[in-house]
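Read through the structure below, which is laid out as structure tokens, and then see the notes.
The values are calculated or read from the model by the stated rules, or taken from the named source; none is laboratory data. Since this is a predicted model, take the numbers as computed values, not measurements. Quick reminder, even Gly has a Cβ in these numbers, built from the backbone with ideal geometry, and neighbours come from all protein chains shown. Surface areas here come from the heavy atoms of the whole protein model, side chains and all, with no ligands, DNA or RNA. Shrake-Rupley method; radii C 1.70, N 1.55, O 1.52, S 1.80 Å.
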Amino acid sequence: MTSIGTGYDLSNSVFSPDGRNFQVEYAVKAVENGGTAIGIRCKDGIVLALEKLVTSKLLKSGANKRIATVDRNMGIVSSGLLPDGRHFVSRARDEASSWRNLYKAPIPTSSLADRMGSYVQAYTLYSSVRPFGVTAIIGGWDSEAELPVDGQVGAGPGVGSGGKKDGAKHGGPYLYMIEPSGLYWGYYGAATGKGRQIAKSELEKLNLSEGELTLEEGVKEAARIIYIAHDDNKDKEFELEMTWISSTTGPTKGRHEDVPKELREEAERLAKKALEGDDEDEEEEKMQE
Amino acid sequence: MNHLPQAWGRPRDDIYGAYDHAHFQTAAGPNQHTQSPIVTGTSVVAAKFKDGVVIAADNLASYGSLARFTDVKRLRKFNETVVVGFGGDVSDMQYLDRLLNSLDIRENYSSTDDPLNAKNLHTYLAKVMYKRRSDFNPLWNHLLIAGLDGESKPFLASADLLGTTFSSPTLATGFGAHLAQPIMRRTIPDENSVKDVSKEDAVKLVKECMKVLFYRDARSMDKYSIATITKEGVELDENVQLENQSWAFAEQIRGYGTQTA
């Protein structure tokens, strides 16, 4: 990097003369070495998937989950420095809980993303701290149903004021990605980590903005994308970790849960098949040449 | 020297003179917490049967003797194996409900752990109640925790505002402790008899108790919630109307009131 020796990369919160914050850029580099993580916003829910690189054969398979639940209806998957990711999740849980304490209702996904964005951004401002070495994907389903206030015991008056609007729609699937700078956007499909480039180009092919992809299709696509994005040459072993959140009428009833074993294994089988299919095509092409 | 516990931690009267309590007084007097409940729910009744537990409480919250709120749900489902029934102060019940809600959220961060069962929840709630009474700031409730224990066996126990815990095959709080408990004990006198009681029998028994309580408890009403907890999960009906109930006999009563003959 050109900055070496210029001194503008030594302290956090210091701009270089051409307007860059090198510590933040180095944090992004840390993320680029992490296992691929993706999130897909489907018509009726959210899928989060992670390529969990197995660093030792002594680790129990299926244990040490990396996709975390926040409140009941949100999930966070991150790529980069693992301990930073866990602190990020811990903070998100505290935010969700303090929101409930104040408003007696679950935090909307957009508000959680906003608060976490501000939190991450604050770590780019001071010389006593370093930026987060993670890019985190936050997925959530904001309930479309009329939720009772926490601790509510009765229905209250059936008529009169309350400001309820007939036919007003609210809730649905939400997906955000927060980068080490604190920058966050809402996405149809988000990808980060080593295989993000391949994953992003695969996500673009899904035409997610049309809102036609169903949750089950999303699960299969997510598995396929993680398998495609995985680099066999550099990393041999990985585990696919997948969670999902459906509508309140769907399979998870608005909660963030692991994708059931059968469905995940089916998705993995299809993903492997799709990969093999690609290889065969390539070999056939070579033969013809 | 006085070794009685009452004298512990205090200056000796024979040396320092009589103890001056004013040292601990502020201008407004000593700190005071809740002295009595305000909006209250009456009895909760529950009974074990061979596959689970049935629990019921009416939907009334009284403000003193005024029947103030008539759609109050006093049975709170915690998860698929536990229901908590609340007697006593309704705002304290709401506090506990939110406490249990936050506990449930924290418990479900990990998908691999076993969910909390009724026995775990009773232990937890009893500790909360005892802590608060030890702070001289009790939660003015009497709780029945109904559900299944770690071995999926029926579990029923109570915890009250003093932190007292008690367990029995049938339990009732408040007025029900006097009126419903003896009725239920006729059918389920001890732990051994639980295995002979079917779900239908237990539900019938508890419904009968709700009727007796409605007739005799002036802080009760004829609409109630009833829940059964079995291995199949929680079946909660929050809008049951009392059946086969009538005040027609009241006209026959003579000897007081406004009748002339």
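Structure summary
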item: The protein assembly as shown: Cα Rg divided by the 2.2 N^0.38 Å rule of thumb; result: 1.26
item: Longest to shortest principal axis, alpha-carbon extents of the range A:21-81, angstrom; result: 39, 36, 20
item: Lys/Arg +1, Asp/Glu -1 at C-beta; the protein assembly as shown dipole; positive extreme among B:T70, B:A250, A:S79; result: B:A250
item: Size of charge dipole - chain B - debye, nearest 20, with Cβ of Lys, Arg +1 and Asp, Glu -1, no other charges; result: 380
item: Cβ-Cβ FRET estimate between B:D14 and B:H178, R0 fixed at 35 Å, reported to 0.05; result: 0.10
item: Alpha-carbon Debye profile of the range B:15-128, log10 I(q)/I(0) at 0.14, 0.19, 0.22 Å⁻¹; result: -0.74, -1.07, -1.28
item: P(r) tail fraction, the range A:93-152 - alpha-carbon pairs more than 18 Å apart, %; result: 47
item: Two-decimal Rg/Rh across the range A:1-54, once Rg and the Kirkwood Rh are taken from alpha-carbon atoms; result: 1.22
item: Rotationally averaged projected area of the range A:1-158 (alpha carbon convex hull; nm²); result: 13.8
item: Cα-based Kirkwood hydrodynamic radius, the range B:116-197, one decimal, Å; result: 13.5
item: The range A:55-126 - convex hull of alpha carbons, volume per residue in Å³; result: 108
item: Average accessible surface area per residue within the protein assembly as shown, 1.4 Å rolling probe, Å²; result: 55
item: Dimensionless Rg/Rh of chain A - Kirkwood Rh, Rg from C-alpha atoms; result: 1.03
item: Three semi-axes of the equivalent ellipsoid, the range B:74-120, Cα gyration tensor, whole Å, largest first; result: 22, 12, 7
item: Chains B and A, summed buried accessible surface - 1.4 Å probe, Å², nearest 100; result: 1300
item: Protein accessible area in the protein assembly as shown, 1.4 Å probe - carbon and sulfur %; result: 51
item: Ranked order, B:T187, A:T124 - accessible area, probe 1.4 Å, largest first; result: B:T187, A:T124
item: Kirkwood hydrodynamic radius of chain B, from inverse mean 1/r over distinct Cα pairs, in Å; result: 20.4
item: Viscosity 1.002 mPa s, temperature 20 °C, Stokes-Einstein D of the range B:171-224 from Kirkwood C-alpha radius, µm²/s; result: 184
item: Over chain A: helical MRE at 222 nm, DSSP H runs n ≥ 4 each giving -39500 (n - 2.57), nearest 500; result: -11500 deg cm²/dmol
item: Accessible-area ranking of A:D142, A:D94, largest first, probe 1.4 Å; result: A:D94, A:D142
